Amino acid sequence: MSGYITVPYVIAYANELLQDPIQFEPHAHELRLAYSQCRRSDWVHGILRARVRDLRDRPGKRGPERMRKLNTRRQWRCMDKLLCQVCGKPATDLETGHIPWLLTETVFDATSEDSGRTNAPPTCWNCIAYAREECPMLQNDAALHIVTSAVSVGVLADLYEPGVFSEQPVLARHNVFVAWDAHRYHASALATSQVVELHGMTPVP
Ligand SMILES: [Zn+2]
């Protein structure tokens, strides 16, 4: 029997991942990416968001965890409400108002000496020890920071182009940052996670 590990809140389970077909459709004199059976709730600020189910509270239905995949909806909720990526509870330190944030180089782009963008949600103080022990991705090069604020700046997305020989959209670029004001990329983007910019970052030794 493998040792018991807690599955982090942001991690997806097999049956949450959906493969609903996407296509380009005419919209406001251009083509935009859409799910074949589209719903208004598919878009966030004009960008199509990847559909997933949220079955975390239904152990009998959710299937095995997929440790390398994020559940887009739970990741989004973590960023909107600054919830811990491991336990899903508020991550902000109530005494100081600061937010602890564990970051690896692969999920962080510095924008100044004490700010930068990431799609990794915060980690509450209670979960930091756990995260360092249990998460393979955090063991090597994770650096702990405290952060004074986090502002939503855009998404990580896959960018598609219309297919030349079929209706099937073609993946052009994987996992690129698309800012909320980079409107010319919005119609071809499928967002898989929300990106925030962290401010007032201080490293914790
Ligand atoms: Zn936590």
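Would it be correct to say that V151 is over 19 Å from the mean Cα position of the chain (by Cα), of a type in the set (A, V, I, L, M), exposed (fewer than 14 other Cβ atoms within 10 Å of the Cβ) and not in a helix (DSSP H, G or I)? Judged against the criteria, V151 is not a match.
Do we have T106 as of a type in the set (S, T, N, Q), in contact with an Asp or Glu (Cβ under 9 Å, 6 or more places away or on another chain), surrounded by fewer than 18 Cβ atoms within 10 Å (Cβ to Cβ) and on the phi < 0 side of the Ramachandran plot here? Here the answer is yes, as T106 does meet what is asked. Counting only residues that are closer than 14 Å to P169 by Cα, over 22 Å from the mean Cα position of the chain (by Cα), in a loop (DSSP other than H, G, I, E, B) and without any contact (Cβ under 8 Å) to a residue 12 or more places away in the chain, region 1-46 holds 0 of them. Residues that are more than 16 Å from the ligand (Cβ to nearest atom), small (G, A, S) and at pLDDT 95 or above: does region 118-132 have at least one? Looking for residues that are more than 16 Å from the ligand (Cβ to nearest atom), small (G, A, S) and at pLDDT 95 or above, one finds none in region 118-132, hence no.
The values are calculated or read from the model by the stated rules, or taken from the named source; none is laboratory data. What you are looking at is a predicted structure, and each value in this text was computed from that prediction instead of being measured. Cβ coordinates were reconstructed from backbone atoms using ideal geometry, including for glycine residues, and neighbour counts include every protein chain displayed.
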